[in-house]
Structure formats: structure tokens, C-alpha cells
Amino acid sequence: MSAPQLHPRTIDEVRTRAELVDVVSERVVLRKAGRDFKGLCPFHEDRNPSFFVSPTKQIYKCFSCGASGDVFKFVMELDKSSFSEVVLELARRYGVSVQMLGGEQKAEYTRRLSKRQQLGEIVELAAQFYSYALWGERGSEARSYLLAKRALTEKTIRDFRLGYAPQGWQTLYTYLVEQKRFPAALVEEAGLIVARTSGSGYYDRFRHRLMIPICDGKGQVIAFGGRAMGDDEPKYLNSPESELFDKGQTLFALHAAREAVSRTDTAIVVEGYFDAIALHQAGIAQVVATLGTALRADQIKQLLRYSESKRVVLNFDGDQAGIKAAERAIGELRMLAVKSGVQLRILTLPTGKDPDEFLRAHPPQEYLRLAGEAPLWVDWQIERFFAGRDLTSAAELQQVSQQLVELLSGLMGSITRTHYIHLIAGRLSGGNGRLASQLEDELRRRIRTHRWGGDSQRAKKREPFPPACYQAEVQLLQIYLHFPEYREDIHQGLEENELEFSVLHHRQLWQKILELREQMGSDEDVVVALRTLYAGDPELNGRLGQLLWLNEHNRIALMRPRMVIRAGLATLQLDRCERRYAYLNQLCDEAEQRGAWEESDYFVEQRNEEYHRINALKSHLTLKLGESSETVLWQESP
Ligand SMILES: [Zn+2]
């Protein structure tokens with residue numbers, strides 16, 4: 001490789017002139033923190049600002065993931081570009097003249113421009129060409145469409161650099177290839193011209209269309225959206241993906257929204273280019289638009305860099321298609337919301353309007369008010385489940401509650417779950433308090449089962465129930481019944497670990513015990529009461545006999561109740577973790593097969609946590625079983 005080298009003087013000069021804080025703050029919202037600046041780290045999923053930039057030392061450092069370096073390293077790592085690319089790019093921005101080792105400057109510099117930079121230059125020239133056409137004679141129809149039909153001001157049209165691709169097959173081609181002498185193949189790669197299928201030559205991709213430049217986060221044009229002025233199909237045509245333009249990573253108007261997202265700490269995502277433009281014109285600048293494709297997690301991640309509280313409002317159209325799109329987006333972003341604490345909200349404008357239409361009939365404040373009140377995605381989803389359902393029909397009720405169980409099972413944090421369980425039970429019960437608390441128990445039980453993989457295929461295929469777990473349940477119940485001073489320990493242990501008995505008649509007995517406790521106000525005589533209760537039922541009495549009456553053999557096995565309780569709880573936890581591990585494994589495979597990487601990453605992470613939990617429990621169990629220092633307790637049963 002005889003690649004020409006940058007002159008060290010150039011590198012030094014770029015290093016001196018490029019201001020790290022400026023460069024960083026294009027990608028990260030920075031706030032002053034003493035002499036330094038801090039913000040959310042762009043190199044890991046940062047929840048609290050742990051990324052520091054020092055203007056005096058010209059270095060950055062993340063105290064969570066350890067990323068650190070100077071201005072060159074920052075851009076190299078974030079943009080995945082090479083050292084010389086970064087130096088050249090910064091040199092251009094800071095007006096540093098480039099010198100190469102060996103003398104031949106300009107020619108080398110041009111040659112050293114990466115493909116990316118060459119494409120960028122072509123696309124930028126095309127944007128200028130389209131803009132020129134819009135304001136010239138040929139653009140009159142497009143101009144009046146924008147000014148009259150779309151009610152855009154001249155300033156807005158110029159700010160967004162809207163343009164017009166003229167009629168004719170080779171207008172842009174003539175300009176870029178014949179006049180500006182760019183290689184046709186490169187212009188084709190930029191997505192602006194298309195090779196003819198028959199014969200030779202090229203034709204313009206965009207003809208008689210309104211041109212909407214799509215920029216990267218720095219505001220450089222990387223692609224176009226073209227809206228047909230005539231009856232051409234499709235109505236909206238986007239540039240194809242290129243080395244410059246990755247659809248899944250790009251949001252329309254991100255560069256223009258960045259500052260406002262940071263200031264208002266909210267990002268609004270709409271569906272159409274003109275929705276975003278109309279909102280910006282109305283002074284609501286914290287708005288970006290999707291590129292007419294399904295929203296992806298990577299796109300939202302870009303936005304999150306600028307909002308500290310990670311508030312994202314999705315404002316899709318109120319029609320059926322818009323609701324579908326919102327549901328798809330939730331499906332894609334759910335993991336991000338659950339995992340990274342993104343406050344995902346869904347805004348549906350009244351009477352099914354899109355933002356552009358809405359703004360023509362309402363003041364901007366009204367839009368902001370609705371955006372501020374937009375429900376969290378979970379609440380929105382719950383409303384969707386209830387919408388148009390007849391809950392007096394058992395079948396519909398069943399369907400709705402199954403959907404709810406699945407939704408709530410995916411939520412993190414038992415406080416959040418409890419909140420929603422309470423809310424939903426209240427709603428399903430129609431205000432009947434007693435029914436509500438029954439429903440609440442039922443929902444909680446089903447969510448637990450679901451969460452721990454009880455419903456999964458693999459869980460069903462597993463052995464019915466490990467003997468060790470059966471034994472653990474028996475012993476916990478025996479201690480509970482016959483060693484009253486340990487009752488609270490068991491009660492708490494089950495509650496805290498969200499454990500419950502898996503064997504049906506154990507679960508029934510436990511239910512009965514809790515009921516008796518409630519009825520009698522204490523559980524002092526619970527064994528007597530149970531013996532009386534089951535005396536009339538020989539079958540149950542037979543099955544529960546070893547629990548209600550302790551024989552000498554059992555009594556010896558329970559000689560150290562505290563240790564038995566701990567081991568019993570750990571055994572049940574272990575079983576549950578193993579089931580969950582298998583379940584997560586399955587979810588992982590499924591997500592991978594669907595190509596849902598965000599989701600599969602999440603499951604892998606969860607699975608690994610489960611793995612550590614399993615190991616910890618196992619070592620805990622061997623330790624406990626080997627322990628023998630506990631006082632022997634010998635308790636008479638009542
Ligand atoms: Zn970090």
C-alpha cells in the first residue's frame with residue numbers, strides 16, 4: 001500500500017482547531033458540570049449522564065463503560081471511520097489546509113476522499129440543483145403547491161431546502177455527469193440516476209417530483225424523498241440505500257430537531273415529511289419523521305441521545321393504518337422502553353387527523369397540550385384491547401384478559417405491574433370491589449405463570465415436577481403447620497420471592513390456610529381447623545395426611561426448620577429459574593429467527609442473568625445443606 005500520508009503539521013493543526021466540545025455536542029446533549037461538561041454516553045446505553053468532556057484537556061471519558069480519548073478517536077469510533085478520514089473531514093470543517101507527505105496536495109486530497117465523501121458531494125450538488133429548479137421558471141407548479149396547498153412559507157421551504165426535480169429524463173444527469181464531470185457510476189450509486197435496462201445510458205430517478213432532502217445528524221444531505229407532482233406512482237419515492245444512506249438509521253429532520261429535543265426534553269416522531277415540516281413551521285421543532293418505513297429501535301436510539309428523560313411521543317395518523325403502524329412501532333420499541341426506561345407515549349389526534357391537517361384548524365399550543373397528555377404506550381395498548389369489546393361476553397372477556405396477561409408479563413418492575421393489575425381488575429370488575437380483588441389475584445397468578453414460562457411449549461415438555469421440589473413444598477407446609485414460630489418466615493419467603501406452590505393440592509391447602517387466617521384473625525388453631533375440615537373428605541385427607549399429622553420420621557427430617565425453610569425456598573427458586581432459563585432460550589431462538597435483534601439481545605441478557613442466579617442458588621444450596629451449626633428445635637405440634 002502506497003497510501004499517501006497526512007502531514008503531521010496538518011494533523012496537529014486540526015487537533016488544535018477542532019473544539020472537542022463542539023464536535024461532541026453535535027451528537028450528545030452536554031450540560032455544564034463544573035469546569036467540564038457531562039451528558040449521556042453515546043457508546044453505551046447510558047441511563048444517567050456518565051460521559052464527561054473536558055474542554056481544558058480536550059479529552060472525553062465515560063465513567064460507566066470506560067470509553068475515552070480525543071476528538072479524533074471520538075469521531076472515529078462513533079462514525080466508524082478511519083483516522084485519515086476523520087482528519088480530512090475535520091480539516092474541511094475547520095478550514096485547515098491539507099498537506100500530504102510528498103507534496104502533491106490537492107490531487108491526493110481528492111483521491112483520498114472516501115467513497116462516502118464523494119457521494120456526499122454529489123448528493124449536495126443535486127440538492128442545490130433541485131432547489132435552483134424550484135425557484136426558477138420550471139418550478140412554478142411545485143412552488144404554488146408548497147405555498148398554497150401546503151401553506152408553507154418561503155422561509156420554511158428554504159430552511160428545509162425543498163426542491164423540484166424537473167420533467168425530462170436526463171436533466172440531473174446532464175448537470176452532474178456532463179457538466180460537472182462526475183462518473184456516471186458514482187451518480188448511480190448515489191441513487192440519483194438509473195441505468196437503462198435496454199441498451200446503454202442512464203435516466204434520472206426523480207422526474208417531475210417535489211424533492212425533500214434527507215440529512216444526517218450533522219445536517220448534510222444524504223438522500224431524497226420525492227413526492228410525485230402528477231399521477232406517477234409511487235406517490236413518495238425515496239433514494240435507495242447507499243454507502244451514505246442507511247434507512248434504518250436515519251430520521252427525517254433530526255438535525256433540525258436536535259436542539260429543540262434537548263431543550264424540551266421530548267422528541268415527537270411523526271409519519272410524514274410534510275407533517276414534520278408543518279410542525280417545525282409552527283414552532284414545534286422537536287419533531288422528526290420516519291421515512292415511510294416501519295420505525296426501528298436504532299432510529300429511536302439516535303433521538304435518545306438528546307433527551308435526558310427519554311420522552312418519545314409517537315404521533316401516527318388516527319386512521320386504521322396509523323394505528324397499525326403505532327402497534328408495529330410498539331412491538332419494535334417495547335424492549336427499548338422496558339430495558340432503557342424510554343417513556344414511550346402514543347399520541348392519536350382527535351378525528352383521525354394527521355398533524356399537518358390538525359395544525360391548519362388548531363393553534364400549535366393545542367397540539368403541544370395533546371402531546372403532553374399522550375398516554376404511555378402501556379395505557380394506550382390497554383385501551384386498544386378494551387376498544388369495542390363486549391366484556392359481558394365470556395369469550396371476549398377471556399380474550400381481553402389473555403392479551404392483558406401477555407402485555408403485563410413483559411413489564412419490568414413489580415410496582416409497575418401491580419399498578420396495572422389493580423387498574424385493570426378495577427375496570428374488568430365494573431366497580432364490584434369483591435370481584436375486583438378476585439380478578440386481581442387471578443391476574444397476578446396468571447402473569448406469574450406466564451412470566452416464569454409456565455405456558456411455554458418447552459416448559460410443558462419438561463418433566464412433570466422434580467421430586468426435590470415436591471419434597472421442598474411438603475416440608476415448607478409441614479413446618480408452617482407444625483412449627484408456628486416459623487410461619488412468618490415462610491410467608492415472607494414466599495411473598496418476597498414471588499414463589500407459589502406448584503402441586504395442585506399444595507396450592508389448594510395454602511389457599512385454605514390463608515383463608516382460615518383471615519377468617520379466624522389468627523392462625524393459631526389452623527391445624528385443628530384443617531383436620532376438622534378435611535375429615536369429611538377421605539380422598540383429600542389421604543393426600544394431605546402427611547402434612548396434617550407428622551410422623552416420627554418427618555419430625556426428624558425437620559429437625560432444623562430454619563435451614564429446611566431456606567433450602568426449600570432455594571429449591572423452588574432454582575426450579576423456577578431453570579424453567580425460565582429454558583423459556584428465555586426459546587424466546588431468544590424465536591427472536592433470532594424473526595431477525596428481531598434488539599429483542600434477542602434483550603433475551604440473551606435476561607438469560608445470562610438467570611444463569612448467574614442459577615449458579616448462585618446452586619452454591620447456596622450446597623452450602624446450606626452442608627451447614628450444621630443450627631440449633632435443634634423440637635416443637636410439639638398442637
Ligand atoms: Zn459509556
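So here's what we get for this one:
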{"read-out": "Failed criterion for residue 514 (all others in (1) over 29 Å from residue 619 (Cα atoms); (2) surrounded by 16 or more Cβ atoms within 10 Å (Cβ to Cβ) hold)", "value": "(2)"}
{"read-out": "Test: residue in region 255-271 that is among the small types (Gly, Ala, Ser), modelled with pLDDT of 90 or more and touching a Leu at 6+ places or on another chain (Cβ under 9 Å)", "value": "yes"}
{"read-out": "Cβ-Cβ under 6 Å pairs, at least 6 apart or on other chains, region 471-487 side basic (Lys, Arg), far side crowded, with 22+ Cβ neighbours inside 10 Å", "value": "487/480"}
{"read-out": "Residue within region 568-577 that is touching a His at 6+ places or on another chain (Cβ under 9 Å), within 14 Å of residue 475 (Cβ to Cβ) and in a helix (DSSP H, G or I) present", "value": "yes"}
{"read-out": "Selection status of residue 81, more than 15 Å from the ligand (Cβ to nearest atom), open to solvent by less than 50 Å² (accessible area, probe 1.4 Å) and over 28 Å from residue 116 (Cα atoms)", "value": "no"}
{"read-out": "Complete set of residues in region 385-400 that are out of contact with any Phe, Trp or Tyr (no Cβ under 9 Å at 6 or more places or on another chain) and closer than 24 Å to residue 334 by Cβ", "value": "385, 386, 387, 388, 389, 398"}
{"read-out": "Residue that is surrounded by the fewest Cβ atoms within 10 Å (Cβ to Cβ) [pool: residues in region 37-58 that are within 11 Å of the ligand (Cβ to nearest atom) and part of a strand (DSSP E or B)]", "value": "52"}
{"read-out": "Selection status of residue 260, in the same structural domain as residue 358 (by TED's automatic domain parsing) and assigned to a helix (DSSP H, G or I)", "value": "yes"}
{"read-out": "Residue among 61, 73, 32 that is within 15 Å of the ligand (Cβ to nearest atom), without any contact (Cβ under 8 Å) to a residue 40 or more places away in the chain and in a strand (DSSP E or B)", "value": "61"}
{"read-out": "Single condition residue 563 does not satisfy, out of (1) under 30 Å from residue 451 (Cβ atoms); (2) open to solvent by 60 Å² or more (accessible area, probe 1.4 Å)", "value": "(2)"}
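For (1) modelled with pLDDT of 85 or more; (2) more than 27 Å from residue 246 (Cα to Cα), each residue gets a yes or a no:
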residue	(1), (2)
15	yes, yes
23	yes, no
40	yes, no
45	no, no
52	yes, yes
55	no, yes
79	no, no
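Rundown of residues vs (1) free of Cβ contacts under 8 Å to residues at least 12 places away in the same chain; (2) polar (S, T, N, Q); (3) open to solvent by less than 20 Å² (accessible area, probe 1.4 Å); (4) not assigned by TED's automatic domain parsing to the domain that holds residue 44, yes/no style:
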residue	(1), (2), (3), (4)
571	no, yes, no, yes
576	no, no, no, yes
584	no, no, yes, yes
590	yes, no, no, yes
598	no, no, no, yes
604	no, no, no, yes
607	no, no, no, yes
619	yes, yes, no, yes
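The values are calculated or read from the model by the stated rules, or taken from the named source; none is laboratory data. All of these numbers come straight from a predicted model, not from anything done at the bench. No Cβ is skipped: glycine too gets one built from the backbone with ideal geometry, and neighbour counts run over all protein chains shown. Ligands, DNA and RNA are stripped out before the accessible areas are found, and what is left, the full protein with its side chains, is counted by its heavy atoms. Shrake-Rupley method; radii C 1.70, N 1.55, O 1.52, S 1.80 Å.
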